[in-house]
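Quick note: the coordinates plus some simple rules give every number you see, no bench work behind them. What you see is a predicted model; the values in this text were computed from it and never measured. All Cβ positions, even for glycine, are placed from backbone atoms using ideal geometry, and neighbour counts span all protein chains on display.
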Amino acid sequence: MPLKTWPDMAEACLATPIGLRLQRWRARLVDPLARRLAGQGWIGEYWRFYQAWRADPKGIGAVLPSSPALAAAITRDIGAATGPVIELGSGTGVFTRALRARGVPEETLALVEMDAGFAQRLRRDFPHAQVCCLDAARLAGDPLFYGRGAGAVVCGLPLLNMPLRQQVGILRGAFSQLRAGGAFYLFTYGPRCPVPRRVLDRLGLRATKRQTVMLNVPPAHVWKLTRRRTARNVL
Ligand SMILES: C[S@@+](CC[C@H](N)C(=O)[O-])C[C@H]1O[C@@H](n2cnc3c(N)ncnc32)[C@H](O)[C@@H]1O
């Protein structure tokens with residue numbers, strides 16, 4: 001089977017003789033130390049993320065949390081005046097902290113995270129935000145901010161690992177929460193927008209590449225999706 005995604009490649013590397021040896025070394029030396037440090041600072045954060053990735057590589061979609069540089073890039077158009085912001089796939093909260101640093105009040109943040117462990121920790125770290133432990137494809141329906149449309153969606157989801165139907169469900173749900181003029185920001189490790197052209201056309205969306213971030217493992221690209229002005233809008 002061709003190795004298309006980052007988690008596929010990482011899994012394949014871990015299955016080589018050197019990868020297996022590294023895993024044994026990690027289990028003997030690194031794991032006990034990391035368990036001690038878990039809960040403390042960035043080491044604890046990286047450890048929790050790595051453990052979540054080991055339990056569900058495709059669902060988590062990355063071995064490490066995003067870097068502060070990527071968090072700064074994906075939130076760069078967002079500020080206190082943007083209005084409510086929805087974050088999809090918050091993980092350990094790297095983007096959430098960047099949004100707070102940009103002046104977005106915690107009360108106007110909705111964090112959608114499917115992993116129960118991450119969601120529990122997010123509730124502790126951001127007690128005034130709405131933390132929704134659910135599949136982001138189920139966002140359509142109840143407005144998250146009592147009818148006040150969101151100004152931006154920041155997406156940390158591994159879209160490339162998802163079937164097209166789930167991607168479409170996520171975009172439909174997210175745009176149903178976004179007010180007119182609102183934007184959907186996402187990142188990807190590949191050179192192209194992770195949402196295929198035919199999906200953008202079907203949903204009447206426009207994709208613009210915003211920035212390439214080299215200071216991330218691996219380097220990443222930030223994209224912005226908006227509703228097309230001229231197209232018959234489906235969203
Ligand atoms: C690549 S990690 C990104 C985490 C964080 N935003 C970052 O950049 O470090 C993807 C996150 O999306 C979450 N996730 C994956 N599929 C999801 C879904 N369908 N609905 C909600 N969250 C999901 C995972 O649990 C994980 O926390």
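Net charge dipole, the chain: roughly 620 debye, given to the nearest 20, about the Cα centre with Cβ charges of +1 for Lys and Arg and -1 for Asp and Glu. Compared with the direct C-alpha span, the chain from A15 to E106 gains 28.6 nm at full extension, assuming 0.36 nm per residue. Centroid-to-centroid, using Cα positions, the stretch 130-170 and the stretch 78-129 are 13 Å apart.
With a sphere of radius 13 Å drawn around the Cβ of R76, what net charge do the other residues whose Cβ falls strictly inside it have (Lys, Arg +1; Asp, Glu -1)? Neighbourhood net charge equals +2. Fully extending the segment from Q211 to L164 would add 14.5 nm, taking 0.36 nm per residue of separation and subtracting the current Cα-Cα distance. Were the residues from K58 through R124 laid out at 0.36 nm apart, the gain over their Cα-Cα distance would be 21.2 nm. Placing pseudo-labels 7 Å out from each Cα toward the beta carbon at L134 and L33 gives an inter-label distance of 4.3 nm.
Tell me the net charge near R210. Cut-off is 13 Å between Cβ atoms, R210 excluded, with +1 for each Lys or Arg and -1 for each Asp or Glu.
+3
Counting only alpha carbon atoms, the long axis of helix 116-125 and the longest principal axis of the chain meet at about 70°. Other residues whose C-beta falls under 13 angstrom from the C-beta of G141 contribute a net charge of 0, scoring Lys and Arg +1 and Asp and Glu -1.
Normalise the Debye intensity by I(0) for the stretch 122-223, one equal point scatterer per Cα, no solvent, then take log10 at q = 0.13, 0.18, 0.19 Å⁻¹ and round to two decimals. Those come out to -0.52, -0.98, -1.08, one per q. With neighbour counts taken as other beta-carbon atoms within 10 Å, the residues I18, I78, I170 rank, fewest first, as I18, I78, I170. Across all C-alpha atoms in the chain, the radius of gyration and Dmax reach 18.0, 60 Å.
Once the dipole of the chain is set up with Lys and Arg at +1 and Asp and Glu at -1 on Cβ about the Cα centre, which of Q23, I86, T108 lies farthest towards its positive end? It is I86.
Taking amide H atoms as placed 1.01 Å from N in the peptide plane, the amide H of L205 lies under 5 Å from those of R228, each 5 or more residues away in sequence or on another chain.
Here the sum of -39500 (n - 2.57) over DSSP H runs of 4 or more residues, divided by the residues of the chain, equals -11000 deg cm²/dmol at 222 nm, to the nearest 500.
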